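Q: Provided herewith is a single structure, encoded as structure tokens, for subsequent inquiry.
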Amino acid sequence: MKTLKTLSVIVLAVLTLTAVSNQAFAQTAETDSENITLTAYLNTTLALTLDASTVTFTFDELSEYQNGIGAADEVTLTGDVASTGNWKLAYKATTTLEHQDQAGTTIPLNQVGVRAGLTGNYAALGYTSNNASANPLALESSDVVILTKATGESNAGASADNGFTIYWEMGTGNGNMNATSLFTADYRRGEYEATIQFTLTEVFP
């Protein structure tokens with residue numbers, strides 16, 4: 001019987017050691033953490049490029065005074081738009097169309113008008129509405145929108161996508177231009193100048 005008691009003590013000691021060992025392996029390593037805020041600003045980039053800084057009309061024939069100089073006479077200005085957002089293009093006169101030798105002698109702004117044609121990769125895709133495709137839009141002292149984003153579309157793109165040509169007219173009476181011919185109006189002969197501003201603006205969906 002003495003031998004049996006000794007065996008029982010030895011087994012108990014082994015079981016206790018195993019339980020302590022399992023508890024040590026079950027412990028979780030300590031951690032520490034901090035949070036930061038990540039911010040990204042996606043700003044719209046717009047770039048308008050025009051191929052010239054002047055547009056010139058030369059009236060030196062009777063037929064030009066009577067009928068005006070129109071789009072068929074190829075007084076043109078080409079350009080393009082590069083934009084990361086939707087856009088519209090407008091033009092206006094920031095000064096009067098004034099005689100350079102006789103201050104105060106002017107020609108009405110609406111004797112001038114423009115048509116527009118799309119020439120870039122987007123031209124046939126309908127991304128941009130051309131308000132001056134069929135009839136010229138007369139020059140005014142406030143913005144006249146020529147090209148703008150089509151409803152439900154996006155015209156954001158590179159310059160190769162958004163090329164255009166502006167066809168200038170003067171004295172034709174087309175569209176909403178002044179119906180009085182330069183011949184009938186008999187404006188003072190000489191050089192007239194006006195400053196024309198083209199403005200590219202972001203359009204929000």
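Q: Can you tell me which residue within region 49-67, out of those that are open to solvent by less than 90 Å² (accessible area, probe 1.4 Å) and within 21 Å of Lys92 (Cβ to Cβ), is farthest from the chain's Cα centre (by Cα)?
A: Phe57
Q: I would also like to ask the following. When you go through (1) loosely packed, with under 15 Cβ neighbours inside 10 Å; (2) over 22 Å from the mean Cα position of the chain (by Cα) one by one for Thr151, which number turns out not to apply?
A: (2)
Q: Does Asn130 satisfy the condition of being touching a residue at least 24 places away in the same chain (Cβ under 8 Å) and not β-branched (Val, Ile, Thr)?
A: Values: touching a residue at least 24 places away in the same chain (Cβ under 8 Å): no; not β-branched (Val, Ile, Thr): yes.
So Asn130 fails the test.
Q: Which of the residues spanning region 100-133 are of a type in the set (A, V, I, L, M), over 28 Å from Asp186 (Cβ atoms) and in contact with a strand residue (DSSP E or B) (Cβ under 8 Å, 6 or more places away or on another chain)? First the steps, then the outcome.
A: To start, the set of residues in region 100-133 that are of a type in the set (A, V, I, L, M) comprises 103, 107, 109, 112, 114, 116, 118, 123-125, 132.
Going one step further and asking which of them are over 28 Å from Asp186 (Cβ atoms), we end up with 116, 118, 123-125, 132.
Scanning region 100-133 gives Ala116, Leu118, Ala123, Ala132.
Q: Of all residues in region 179-194, how many are out of contact with any Leu (no Cβ under 7 Å at 6 or more places or on another chain), in a loop (DSSP other than H, G, I, E, B) and open to solvent by 30 Å² or more (accessible area, probe 1.4 Å)?
A: Residues that pass the stated criteria total 8.
Q: Something else now. Checking Thr96 against (1) out of contact with any Asp or Glu (no Cβ under 8 Å at 6 or more places or on another chain); (2) of a type in the set (Ser, Thr, Tyr); (3) touching a residue at least 60 places away in the same chain (Cβ under 8 Å); (4) under 19 Å from Gly157 (Cβ atoms), which single condition isn't satisfied?
A: (4)
Q: How many of the residues in region 119-138 are more than 16 Å from Tyr91 (Cα to Cα) and either at pLDDT below 95 or among the hydrophobic types (A, V, I, L, M, F, W, C) (or both)?
A: Total satisfying the criteria: 4.
Q: Take region 79-116 and flag every residue that is open to solvent by 50 Å² or more (accessible area, probe 1.4 Å) and of a type in the set (Ser, Thr, Tyr).
A: Hits for region 79-116 are Thr84, Thr94, Thr95, Thr96, Thr106.
Q: Of (1) in a loop (DSSP other than H, G, I, E, B); (2) out of contact with any Gly (no Cβ under 9 Å at 6 or more places or on another chain), Gln197 satisfies all except one. Which?
A: With (1) in a loop (DSSP other than H, G, I, E, B); (2) out of contact with any Gly (no Cβ under 9 Å at 6 or more places or on another chain) applied to Gln197, the lone miss is (1).
Q: Sticking with this one: Can you pull out every residue in region 139-164 that is out of contact with any Asp or Glu (no Cβ under 9 Å at 6 or more places or on another chain) and not in a loop (DSSP other than H, G, I, E, B)?
A: Val144, Val145, Ile146, Leu147, Thr148, Lys149, Gly157
Q: Taking the condition in contact with a strand residue (DSSP E or B) (Cβ under 6 Å, 6 or more places away or on another chain) and surrounded by fewer than 16 Cβ atoms within 10 Å (Cβ to Cβ), does Ser141 pass?
A: Against the criterion (in contact with a strand residue (DSSP E or B) (Cβ under 6 Å, 6 or more places away or on another chain) and surrounded by fewer than 16 Cβ atoms within 10 Å (Cβ to Cβ)), Ser141 qualifies.
The values are calculated or read from the model by the stated rules, or taken from the named source; none is laboratory data. Model, not experiment: these values are computed from the prediction. Ideal geometry is used to build each Cβ from the backbone, glycine not excepted, and the neighbour counts take in all protein chains shown. Accessible surface is based on the protein model in full, side chains and every heavy atom, while ligands, DNA and RNA are left aside. Shrake-Rupley method; radii C 1.70, N 1.55, O 1.52, S 1.80 Å.
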